[in-house]
1. State the percentage of accessible surface on segment 36-178 attributable to carbon and sulfur atoms; use a 1.4 Å probe and exclude ligands, DNA and RNA.
2. Return the unpartnered cysteines for the chain, using a Cβ-Cβ cut-off of under 4.7 Å.
3. Using r as the Cβ-Cβ distance of Asn119 and Asp173, and R0 as 45 Å, what FRET efficiency do you calculate, to the nearest 0.05?
4. When volume of the Cα convex hull per residue in Å³ is calculated directly from the model, which label among (1) 142; (2) 109; (3) 101 fits?
5. Which value, in Å² rounded to 10, gives the accessible area of Trp86 with a 1.4 Å probe and all protein chains present?
6. From Cα pairs below 8 angstrom and at least 6 apart in sequence, can you work out the relative contact order of segment 116-178, rounded to a whole percent?
7. What FRET efficiency comes out for the pair Glu85/Ala139, r = Cβ-Cβ distance, R0 = 45 Å, nearest 0.05?
8. Which loop-located trypsin sites (Lys or Arg not before Pro) does segment 79-178 contain, where loop means any DSSP state but H, G, I, E or B and the Cβ has at most 11 other Cβ atoms within 10 Å?
Amino acid sequence: PSNDASSNCIKCDAGRWSSNLSVASYDGCIACHTGRWSSTPGSATSSECIACDAGKYSNKAGVDASSKCIDCVAGRWSSNDGVSEWSGCIECEAGRWSSTRGVDQKGKCIGCDAGRWSNVTGMDASSKCIACDAGKYSAVAGVNSTSRCIACLAGRWSSAEGVSTETGCIGCDAGRWS
């Protein structure tokens with residue numbers, strides 16, 4: 001027979017820890033802070049609570065698995081570990097979008113295609129980018145204002161929307177002007 005007194009003691013649950021000796025109840029086990037998790041029962045220090053990965057967050061204390069960290073929604077990103085609130089996931093800038101959940105870098109927000117623009121932040125699809133008006137073009141991706149769509153030069157025109165190069169503006173026929 002084992003004389004190990006600790007075998008009669010109950011471990012703190014995964015997601016909780018206690019550095020105190022002689023804890024008398026479950027309430028003595030401290031929940032891992034929001035943005036952190038631990039799958040190890042009986043943790044003795046808060047350092048055993050691991051930060052949720054970049055691109056994820058957890059707004060609950062006492063999380064017991066990394067799978068319970070929540071992906072930032074499409075159109076948002078976070079490069080920080082241990083984010084504890086949804087608001088810690090930052091919106092993609094105007095003129096940029098991401099359809100992917102759990103994005104961990106600002107650079108993974110994709111610019112609207114040349115010839116398109118948007119002044120909306122946090123977009124989750126390229127379809128939300130707006131075509132430059134007919135008679136204008138933009139050769140740059142990631143444009144965040146219609147004012148960045150450039151008018152065709154005098155004597156040139158375009159009836160198409162979303163033109164992405166200056167050569168998309170065609171010259172007027174002989175006897176006509178623009």
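The values are calculated or read from the model by the stated rules, or taken from the named source; none is laboratory data. Here the structure is a predicted model, which is why all the values come from computation and not from measurement. Cβ sites come from the backbone with ideal geometry, for glycine too, and all protein chains shown count toward neighbours. For accessibility, only protein heavy atoms count, side chains too; no ligands or nucleic acids. Shrake-Rupley method; radii C 1.70, N 1.55, O 1.52, S 1.80 Å.
1. On the way: 3810 of 7770 Å².
Of all accessible area on segment 36-178, carbon and sulfur atoms account for 49 percent.
2. Cys9, Cys172
3. Details: r = 36 Å, r/R0 = 0.79.
With R0 = 45 Å, the Cβ-Cβ based efficiency is 0.80.
4. (3)
5. Answer for Trp86: close to 110 Å² accessible.
6. Working: 115 pairs, mean separation 21.4, N = 63.
Computed value for segment 116-178: 34 percent relative contact order.
7. Numbers: r = 39 Å, r/R0 = 0.87.
Plugging the Cβ-Cβ distance into 1/(1 + (r/R0)^6) gives 0.70.
8. Working: sites: Arg96, Arg101, Lys106, Lys108, Arg116, Lys128, Lys136, Arg148, Arg156, Arg176; in loops: Arg101, Arg176.
Taking segment 79-178 and a limit of 11 other Cβ atoms within 10 Å, the loop trypsin sites (Lys or Arg not before Pro) found are Arg176.
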